[in-house]
Every structure is written in C-alpha cells, then in structure tokens.
Amino acid sequence: MPEILDRTRQLKLRLVYYGPPRSGKAVNLQRIFELSRPEARSRMVAFDAGGNVTRPGADRRVSFEMTLPPETPEGWTVVVEISALSSPLLMRPTKIATLERADAVAFVADATRERREENHEAFREAEELLRARTPPIVLQVNKRDRADALSEDEIEREWGARSWPIFTAAAKQGDGVRETFTCLLRLAFEGTDKGAGLEAMTSLTLSGVTTAALKALRRAEAE
C-alpha cells in the first residue's frame, strides 16, 4: 500500500517484479537503475533467501528507490521503491510481505519455449500469494531476442485472455524495460488515486507522474 508522507510532501509507491528464476527481473531493475540519475536513486541492495545482504547478481530479492522530479519546485515528489523477487528461491513470508505491500506487480515471463511450464508455475504461486488482494498486474515477456522465443501470436494465445497490459522485451539490451516500468507506475498511481484521492490531496496527476518518470529516465540516458 502507498505511503503518503505529509511532512516531507512525498508519495511512496512500491513496484514489484515477480516471476520464475532467471527470467530477467533483476536485469530490468539494473537497466532502470542505470537510466536513473545517481543523485535521485538509492544504492541497489540484494538479500539472499535468509535475509542477509549480498551482492547484486547473487540476489534473491533486489531493491532500490528512485525519486522522481516534482512537477513544480514546491510540489509533492514521488518516491518509487522497486523490488525484484525470485520464485521459488525466496522464503514464502518474504514473498508474501513484499507482494502485500505492492502497488503494482510486473510478472516477468521467460519467452523461451522450454520455460513455459516454469512461467505458469510461478504465476500460479503468485496468484496464491496474492489471494488476499490483487494489485494491478503488467506482463512482460522477456528474452524475445532468443531464437527459441515464442512468437507474438503464441504469446497472445497463451496470455491474452487476461486483461493485463502485455509487453515484449529483451531486457539485457534495454528493449521494453522503460515501457514496462512506466506502465507499471501509471497503474500504481491510478489504483492509489482511486482509493486515496491522491490528486485532491497532493495535486499530483497521472500525466505529471508519467512525465516525471520519462524525464528521469531520459535525462540520464542523454548524458
């Protein structure tokens, strides 16, 4: 659930990337981290299955925070906490706690044909863990650059019955990363605004938050 911090005039939204091991969740976070300005982000932290801090790359849960530029100098700012969870490597309580706090979830599936059952197994687990509440979900089908990747028609047949936004990606190359992230952020803000009346409370707008996210990523990319 979002945090509305009146004293510091900040809204904190939590985005979670979930999916089978090695589907590219941490790679998405790394690309977003690289695109964001150093002064506007925290360091990236990784925890192993026992909750111990470890190095990124040997991660089980990876996270960092990014602060978006405000619409006006005196306006509210949006702080985005971005996390990646591995399934089934993390302890169940850790997964439940992280997903329960999520304002939106990106399910990252592996596009290679040999991983289809792993994708569905991980999603069945996500559905079970999210039984108490269902945040907005975005599907990213990653590794579409692989020769053995599913075609767009196959992806539509396999996942299209669900009413989620679907993005294809090659996260190592950065393809589809920005699009997935900005959609996830939009859905998180929309869902929060409906429940908490954010626009009336903070003057933050969906278009303003989306523009701020794109600006943060583009400015870093242009340098």
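The values are calculated or read from the model by the stated rules, or taken from the named source; none is laboratory data. Not measured: the values here are computed from a predicted model. All Cβ positions, glycine included, derive from the backbone under ideal geometry; neighbour counts span all protein chains shown.
Just for region 77-118: of the residues that are assigned to a loop (DSSP other than H, G, I, E, B) and of a type outside the set (A, V, I, L, M, F, W, C), which one is nearest to the chain's Cα centre (by Cα)?
Among residues in region 77-118 that are assigned to a loop (DSSP other than H, G, I, E, B) and of a type outside the set (A, V, I, L, M, F, W, C), the one nearest to the chain's Cα centre (by Cα) is Asp103.
In region 142-181, how many residues are free of Cβ contacts under 8 Å to residues at least 40 places away in the same chain and of a type in the set (Ser, Thr, Tyr)?
Going through region 142-181 one residue at a time, the tally reaches 2.
Kindly evaluate Glu74 against the criterion of being modelled with pLDDT under 95, assigned to a loop (DSSP other than H, G, I, E, B) and over 23 Å from Arg144 (Cβ atoms).
yes
Are any of the residues in region 124-141 out of contact with any Asp or Glu (no Cβ under 6 Å at 6 or more places or on another chain), at pLDDT 90 or above and in a helix (DSSP H, G or I)?
So far as region 124-141 goes, yes, one or more of its residues are out of contact with any Asp or Glu (no Cβ under 6 Å at 6 or more places or on another chain), at pLDDT 90 or above and in a helix (DSSP H, G or I).
Would you mind stating whether Leu139 is touching a residue at least 40 places away in the same chain (Cβ under 8 Å), under 27 Å from Ala46 (Cα atoms) and touching a Phe, Trp or Tyr at 6+ places or on another chain (Cβ under 8 Å)?
No.
In region 202-213, what residues are farther than 16 Å from Val79 by Cβ and either touching a strand residue (DSSP E or B) at 6+ places or on another chain (Cβ under 8 Å) or not hydroxyl-bearing (Ser, Thr, Tyr) (or both)?
Leu206, the sole residue that qualifies.
Take region 142-151 and flag every residue that is farther than 25 Å from Leu187 by Cβ and part of a loop (DSSP other than H, G, I, E, B).
Once the filter is applied, which keeps residues that are farther than 25 Å from Leu187 by Cβ and part of a loop (DSSP other than H, G, I, E, B), region 142-151 yields Asp145, Arg146, Ala147, Asp148, Ser151.
Just give me the residues in region 179-207 being of a type in the set (Lys, Arg) and surrounded by 19 or more Cβ atoms within 10 Å (Cβ to Cβ), in sequence order.
First, the residues of region 179-207 that are of a type in the set (Lys, Arg): 186, 194.
Answer for region 179-207, where residues must be of a type in the set (Lys, Arg) and surrounded by 19 or more Cβ atoms within 10 Å (Cβ to Cβ): just Arg186.
So for region 100-108 (the condition being closer than 12 Å to Gly19 by Cα, touching a Gly at 6+ places or on another chain (Cβ under 7 Å) and among the aromatic types (Phe, Trp, Tyr)), does at least one residue qualify?
yes
Take region 88-128 and flag every residue that is among the basic types (Lys, Arg) and buried (at least 18 other Cβ atoms within 10 Å of the Cβ).
First, the residues of region 88-128 that are among the basic types (Lys, Arg): 92, 95, 101, 113, 115-116, 124.
Across region 88-128, the qualifying residues are Lys95, Arg115.
Return a yes/no flag: does region 194-211 have any residue that is part of a helix (DSSP H, G or I), among the acidic types (Asp, Glu) and modelled with pLDDT under 85.
yes
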